[in-house]
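Participant: The structure is given below, and queries will be raised subsequently.
What follows draws every value from the coordinates through simple rules; no lab data is involved. Note that the coordinates shown come from a computational prediction; the quantities given were computed from them, not determined experimentally. Here Cβ is always computed from backbone atoms with ideal geometry, including for glycine, and neighbour counts include all displayed protein chains.
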Amino acid sequence: MKPSFLNLFMPAHPPGVHCTATLVAIGIRVLSSNFCQGVPHLSRMKWARMKWEQLLARHRLAENTRVHSLESLLDPVWNALETAHSHFAVGRGPARRYPAEVVPFGALADASQATLEQFEELLEPGERVYVFGNPPGARNGLTVGPPLHCHQMLGPLHPAVEAGTEEMDPLLLTSKDASAMVALTSLAFPGFFRQRTCEMGTYYGIRVDGELVAMAGERLKSTGYAEISAVCTHPEFRGHGYARDLTTFLASQILAAGKTPFLHVKSENGAKVVYQKIGFRLRAEICLTVISPAVLRRKARAR
């Protein structure tokens, strides 16, 4: 029996509406193309089927890449230290962290006793380091604090710019501005932005009469994603849309670099509404857990 068009052209598991429409268009072009005049009908069908299979393979690869890529956001610290920020990594085993002067973040490959003991060795007495994910169980050498619940939001493909916003001319911030950046961010989230945090990515700000009044920049970075962080405005200069405009500008810069922007915001923070208007959407609820050396272990070391 002569194979039908559908038997040759359609795979057992179509890749989706968009791919199906594309392949149907390919099939029509193949059958009607002048290049195929004189070519047997069956040969044309086989060529169309080959093109379908090629597109299907690309679609599956893209889907696998997307799923794998989203998994990297489950622990963006670990993935940053494995990729774009590997030069910052302190520790090369299942327990890692950023230098204390960069950012108070660490990462655990698992919650085993051996991994937690390695992580303890990376901590200095009295410091607090945050890790993503479910809190590990309490250990003799570590104190595990309550989780800090956040919303992880994924940026849009094309950031929206609202009509009527004030024009903004962001200034590129460098290490020379580090002290001013630490002072400004300390008004909103003290302790997270350190003297070398600005080395993690590109930061922009707005100055009024020489004073840094608003800023935002890139913090955690991996192969396919860049986190927008340190979005803050001095209390005396709120209401001008600085945070919105800086976030929109940064998202555009990240997209232009071929990456996807994302950010974290406290669950109760009203800034989520602003991010949603820009085009960010909730990807997942995620928690940060603070870990510090236990008091008893610190006293034992002091001896």
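Participant: Quick one: net charge of SER112's neighbours, Cβ under 14 Å, K/R +1, D/E -1?
Facilitator: Residues near SER112 contribute -2 overall.
Participant: With labels modelled as points extended 7 Å from the Cα through the Cβ direction, what inter-label distance (nm, one decimal) is found for GLU285 paired with SER175?
Facilitator: 4.2 nm
Participant: Among TYR225, PHE189, SER252, whose Cα projects farthest towards the positive end of the dipole of the stretch 177-267, with charges put on the beta-carbon of Lys, Arg (+1) and Asp, Glu (-1)?
Facilitator: It is TYR225, whose Cα lies furthest towards the positive end.
Participant: At a 10 angstrom cut-off on C-beta neighbours, averaged per residue, how do the peptides 223-236, 185-198, 264-277 rank from highest to lowest?
Facilitator: The densest-packed peptide leads the list: 223-236, 185-198, 264-277.
Participant: Continuing with the same structure: What's the extension gain from ASP110 to SER267 if we count 0.36 nm per residue and subtract their Cα-Cα distance?
Facilitator: Net length gain for the segment: 54.0 nm.
Participant: Further question on the same structure: Between ASP209 and ARG128, what is 0.36 nm times their sequence separation minus the Cα-Cα distance? Round to one decimal in nm.
Facilitator: Extra length available between ASP209 and ARG128 comes to 25.6 nm.
Participant: Does the stretch 152-287 come out rounded, prolate or oblate by the C-alpha gyration tensor, with a ≥ b ≥ c the root eigenvalues, rounded set by a/c under 1.5 and, if not, prolate when a/b is larger than b/c and oblate if not?
Facilitator: rounded
Participant: Could I ask something else about it? Find how many whole Å separate the alpha carbon centroid of the stretch 66-125 from the alpha carbon centroid of the stretch 216-250.
Facilitator: Between the Cα centre of the stretch 216-250 and that of the stretch 66-125, the gap is 24 Å.
Participant: Give the shape of the stretch 82-191 as rounded, prolate or oblate, defined through the alpha-carbon gyration tensor: a ≥ b ≥ c are the square roots of its eigenvalues, a/c under 1.5 means rounded, and otherwise the shape is prolate if a/b is larger than b/c and oblate if not.
Facilitator: prolate
Participant: Enter the Cα centre distance for the pair the stretch 268-285 and the stretch 191-205, rounded to the nearest angstrom.
Facilitator: If you average the Cα positions of each part, the centres end up 22 Å apart.
Participant: About its Cα centre, what dipole magnitude does the stretch 152-287 give when the only charges are +1 on Lys and Arg Cβ and -1 on Asp and Glu Cβ, stated in debye to the nearest 20?
Facilitator: So the dipole magnitude of the stretch 152-287 works out to roughly 520 debye.
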